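Working notes, structure below.
The numbers here are math on the coordinates, done by the rules we state, and not lab data. The model shown is predicted, which means the values in this text are computed figures rather than measured ones. Note that each Cβ is placed from the backbone with ideal geometry, even for glycine, and that neighbours are counted across all protein chains shown.
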Amino acid sequence: MDSTKTIECSRLLRWKLRLRNAATIFLVCTSTLSGCASTPYSYGSAAQYRSSPELAAGTKVQMERGRPHKAIDTFGWVWGIPSKILLWDRRVENHRIDAQTETQLATYLSENELSTVKVRLNQYHPREDWHRLVANKSVGAGWRYTVGAVSVAVEAIFPGRLFGGDHYNPYTNTIHLYSNAPAIALHEAGHAKDFARRKWKGTYAAARILPIVPLIQEAIATSDTLGYLETTDSVSAQQEAYDILYPAYGTYVGAEIKALGPFGVVFGAIGGHAIGRWKSWKLEEQREEEERRQTRLQQSQNYSVPGSKQRLRSSTLSETP
């Protein structure tokens, strides 16, 4: 009996240690995002990018939208329910991308001069993706016709129109979008901007199979999104980004914590929700404090208007019996 209790206590202590270590790793990783929206945003420019002239010539229409198909899109919506729950947002993988999300994404691409990036809004077009793979000479042929070819094949066999999965494919320089959340769209565009600046794009993309590398790449895209929204959009848009991008990043962190096994993704998402909503609340608090400061400043300016003191004094004297 004593030995059984000892074994149980030992197991409990191991799990406590795992959870403590996991929490430490999670906090360290997410802390890299904490100050990303407070630094000056840096817009990209075509002069900084290493692009393919052949791919640029083939990108005649930058954004294309798939034809609505009720049965396929309904299946995709249902298949995306776990992702909706994990990120707690019904717009995730809803396969109904509205004009607002499209416009925000198009504006981001234009302002960052990402003219060779293709955007597929709930569209399935593997044949053209193969042509883009061949034309994307900014990625080495060795990477394009091995890992790149596999990526296009996977997209063809498991179409996002059915199985969702917003992502950016660096081998075809294409964003595949199935969620009607502007923050997710900008995040994928942030990946495109990150890759556009890389010299060894194929190596940088393939390195994602290594530990920690996904966290670095995801942090760069998330930081870029938050910085962009701070510069161009409202507080509510920034809060929305915190609420959805932090738990999304948390799933990657959780996947890296092997001690948690299959529960890592869920643990990471929960942690991301907690930190993201705290950041969102702090942002709201800062906004309210700024409004109060502006009100006090306006009041002090009103009191300091020339002649206001004299008028106040005259008014006081006229009321004296």
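Some values worked out for this structure:
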| read-out | value |
| --- | --- |
| Where Rh is the Kirkwood radius over Cα pairs, Rg/Rh for region 64-149 | 1.04 |
| Compactness of region 169-217 - radius of gyration and Dmax, Cα, Å | 11.4, 32 |
| Percent of C-alpha pairs per 5 Å bin, region 247-289, short to long | 7, 28, 19, 16, 10, 9, 6, 3, 1 |
| Net length gained if the chain between Arg96 and Gln294 were fully extended (0.36 nm per residue, minus Cα distance) | 67.3 nm |
| For region 24-290: span of alpha carbons on each principal axis (Å, largest first) | 51, 42, 39 |
| Net length gained if the chain between His167 and Ile209 were fully extended (0.36 nm per residue, minus Cα distance) | 13.6 nm |
| Using distinct alpha-carbon pairs, which all enter the 1/r mean, Kirkwood radius of region 90-135 in Å | 12.4 |
| Extension gain (nm, one decimal) between Arg67 and Lys258, 0.36 nm per residue minus Cα-Cα | 64.7 nm |
| Region 198-251, Cα convex hull volume normalised per residue, Å³ | 74 |
| Over region 148-291: Rg over Rh, Cα atoms, Kirkwood Rh | 0.99 |
| Within region 24-290: Cβ-based charge dipole about Cα centre, in debye rounded to nearest 20 (Lys, Arg +1; Asp, Glu -1) | 1100 |
